[in-house]
Amino acid sequence: MKYDVVIVGGGTAGCSCAYNCAKLGLKTLLLEKENYLGGTMTGALVVPVMESGTNQINTDFYNLLADEMNRVNGQITYLNNSGWFDPIKLKDVLPSILKKVKTNVKYNININHASTKNKQILSVCYDTIYTNNLLSKDKILSEYIEAKYFVDASGNLDFSKILNCSFLENKQDFPPISLRFIMSNVDNNKFAQWIESFDSDKNVTTVEYIANQAYFSTAYTWDSNKHWALAPLFDDAVHKNILKDTDRNYFQIFSIAGNPQSVAFNCPRLLNKYDLSSVTDMKNAKNDAKKSIERIAKFCNMYFPGFENAYVSHIADKLGIRAYRRIRGKYVYTIDDLRSGKKFDNPAVVSCYPVDVHSRDKNSSTLEKNGEYQLPIESLMSSDYDNLFVIGRGLSADEMAQGALRVQGSCFSMGEAVAKYIYKLLA
Ligand SMILES: Cc1cc2nc3c(=O)[nH]c(=O)nc-3n(C[C@H](O)[C@H](O)[C@H](O)COP(=O)(O)OP(=O)(O)OC[C@H]3O[C@@H](n4cnc5c(N)ncnc54)[C@H](O)[C@@H]3O)c2cc1C
């Protein structure tokens, strides 16, 4: 069987690409190493889709996702942003959306080889591990799949690594990783009323009531760039050994759409430098993060009205990785392109999300607002293979520009832009 497109990675960018390819009538295969779709959105519990401006392009998949999530009571429009999803419900909705356009999806796959000729990829070989029942042994089935075009949407660019593609050099350390979690049995209305008065200047807190239900977000970091209302509580908890000093390097919480008694945590952010390609380091990172989660949960129980009886209901399967390998593309998008709002003939993404680069050191993270910017499709094309596209956080951009383009709205647009581009190439 020869496909038009094979997409490796069914996460944020990969699902959008697969949906759009199949919708356009391309023979499409999506290969996912986990047994579920959504990648960072579901596996790392990352919500919400960050607001990226009103002139975004290639938003069909995003709009459909918002509608479908709304249908299952897993979406709200909060402060004019329609990207507030329940990451647990998203796990069920994503496969149903792909099924509607008859996308072929294979789960539990492990890519082990690709054959190439000159600057063309001919086929990919992967194993699928089947476990039929508790008594039978795992069976491994190897398959070769040919395709006209390949898309690496694997986040860490495992497929491009197998293909020996060239990557952009990292001049700085990779940003810190996080392990997100959810607390349930929270009295959200009680917490919202308290935080609204506690953070009286609303410097870092937002609250909105939707259908009599309070939704909110608030934050604290150890950086001194803002007046953090929660600072005295964190100071006290560190003083009493309830938290470690490093636990408070970054703390952010959001309500969850359609889930009025739960709160999503965008932390802990881990300050150690882990080797992102080492299984052992990733296990250690998860263990370190889980200990921090225990301390943060206890802190919330003790200090936040509304959290007295709350408990940790979900810890993400996956560590949240903000940046790792970046492909060397036909065009390397730079921070100067972004800051100047440079225009391109064939834009894949239009956004105004700030440059958001996290750092391990105090007062060293960047959150830089710019005007609207465009990403060209050539930054999603490999410079090594003529039929390879790379989408998602591994795009061809320098580290600062990647810090702006890695957010979910832009990843959806990248997937959709590449699908439409391949369709035109095949027409
Ligand atoms: C802690 C954290 C907080 C963030 N907060 C926000 C936020 O609030 N809002 C926002 O918009 N963005 C946020 N982001 C950024 C955004 O969520 C990610 O950058 C984006 O989701 C990445 O999408 P992706 O498609 O590149 O990768 P992913 O969504 O991770 O998808 C990669 C997929 O490829 C699969 N895969 C990996 N290797 C292989 C392989 N070898 N074979 C087959 N499949 C493979 C994975 O299982 C996964 O499904 C955050 C990121 C992090 C880490």
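Compared with the dominant principal axis of the Cα atoms in the chain, helix 188-198 is inclined by about 60°.
Full extension of the segment from K424 to N185, taken as 0.36 nm per residue of separation minus the current Cα-Cα distance, would add 81.0 nm.
Enter the mean projected area of the convex hull around the alpha-carbon atoms of the chain, in nm², rounded to one decimal.
Result: 21.0 nm².
Going through segment 120-194, which trypsin sites (Lys or Arg not before Pro) have at most 12 other Cβ atoms within 10 Å and a DSSP loop state?
Details: sites: K137, K139, K148, K161, K171, R180, K190; in loops: K137, K171, R180.
Sparse-neighbourhood loop trypsin sites (Lys or Arg not before Pro): K137, K171.
Looking only at segment 85-112, which residues have a backbone nitrogen under 14 Å from a spot 7 Å from the Cα of N35 in the C-beta direction? Residues passing the 14 Å test: 107-109.
Note on S200 and Y130: the model spin-label points, each 7 Å out from Cα along the C-beta direction, lie 6.7 nm apart. Each residue of segment 107-122 was assigned a 3J(HN,Hα) from its phi angle through the Karplus expression (A = 6.51, B = -1.76, C = 1.60, θ = phi - 60°), giving 9, 6, 9, 9, 6, 10, 6, 9, 9, 9, 9, 6, 9, 10, 8, 9 Hz with x at Gly and Pro. Greater than 23 Å separation of Cα atoms is the criterion. Which listed pairs, K291/K369; K33/K283; K27/K139; K244/K273, meet it? Those over the limit are K291/K369; K27/K139. Modelled label positions at N164 and M302, each set 7 Å beyond Cα in the direction of Cβ, lie 5.7 nm from each other. Only lysines eight or more places from K330 in sequence, or on another chain, were considered; those with a Cα closer than 25 Å are K117, K119, K148, K161, K171, K342, K343, K420, K424. Of the trypsin sites (Lys or Arg not before Pro) found in segment 247-285, those that fall in a DSSP loop while having at most 15 other beta-carbon atoms within 10 Å are K273. With respect to the chain, whose longest principal axis is taken over its alpha-carbon atoms, helix 60-71 is tilted by about 50°.
Gain on full extension, evaluated as 0.36 nm per residue between S340 and S96 minus their Cα-Cα distance, stands at 83.8 nm. Can you compute the modelled spin-label distance between K106 and K362, with each label point 7 Å from Cα toward Cβ, in nm? If labels sit at K106 and K362, their model points lie 5.2 nm apart.
Note on the chain: helix-only mean residue ellipticity at 222 nm, from DSSP H runs of 4+ residues weighted -39500 (n - 2.57) and normalised by residue number, equals -9000 deg cm²/dmol. Look at the dipole of segment 181-315 built from charges on Cβ: of N309, T280, A237, the Cα furthest out on the positive end belongs to T280.
Sequentially through segment 224-235, phi angles give Karplus couplings (6.51, -1.76, 1.60; θ = phi - 60°) of 9, 7, 9, 8, 8, 4, 7, 3, x, 5, 5, 4 Hz, Gly and Pro residues having no value and appearing as x.
State the three equivalent ellipsoid semi-axes of segment 181-315, derived from the C-alpha gyration tensor as the square roots of 5 times its eigenvalues, in descending order and whole Å.
On the way: eigenvalues 131, 63, 37 Å².
In descending order, the three semi-axes are 26, 18, 14 Å.
Put the Cα centre of segment 297-326 next to the Cα centre of segment 358-427 and the gap is 28 Å.
For the chain, what relative contact order do you get, as a whole percent, if you take Cα pairs closer than 8 Å and at least 6 residues apart? Could the numbers behind the result be given before it?
Numbers: 925 pairs, mean separation 97.4, N = 427.
Across the chain, relative contact order equals 23 percent.
Between amide H atoms placed 1.01 Å from N, distances below 5 Å from F167 occur with R328, all of them 5 or more places distant or on a separate chain. Remark: segment 410-418, residue by residue, has Karplus-estimated 3J(HN,Hα) of 5, 4, 4, 4, 4, x, 5, 4, 5 Hz, where x stands for each Gly or Pro and the curve is 6.51 cos²θ - 1.76 cosθ + 1.60 at θ = phi - 60°. Amide H contacts of H113 (H built 1.01 Å from N, in plane; Pro and chain starts excluded): C125 sit under 5 Å, all sequence-distant by 5 or more or on other chains. Computed from Cα atoms, the angle from the helix 279-303 axis to the main principal axis of the chain rounds to 30 degrees. Measuring r between the beta carbons of V279 and E146 and using R0 = 25 Å, the FRET efficiency lands at 0.20.
FYI, it's all coordinate maths here, none of it is from the lab. Every value quoted in this text rests on a predicted model; they were computed, and no experiment measured them. FYI the Cβ positions are ideal-geometry reconstructions off the backbone, even for glycines, and counts take in every protein chain you see.
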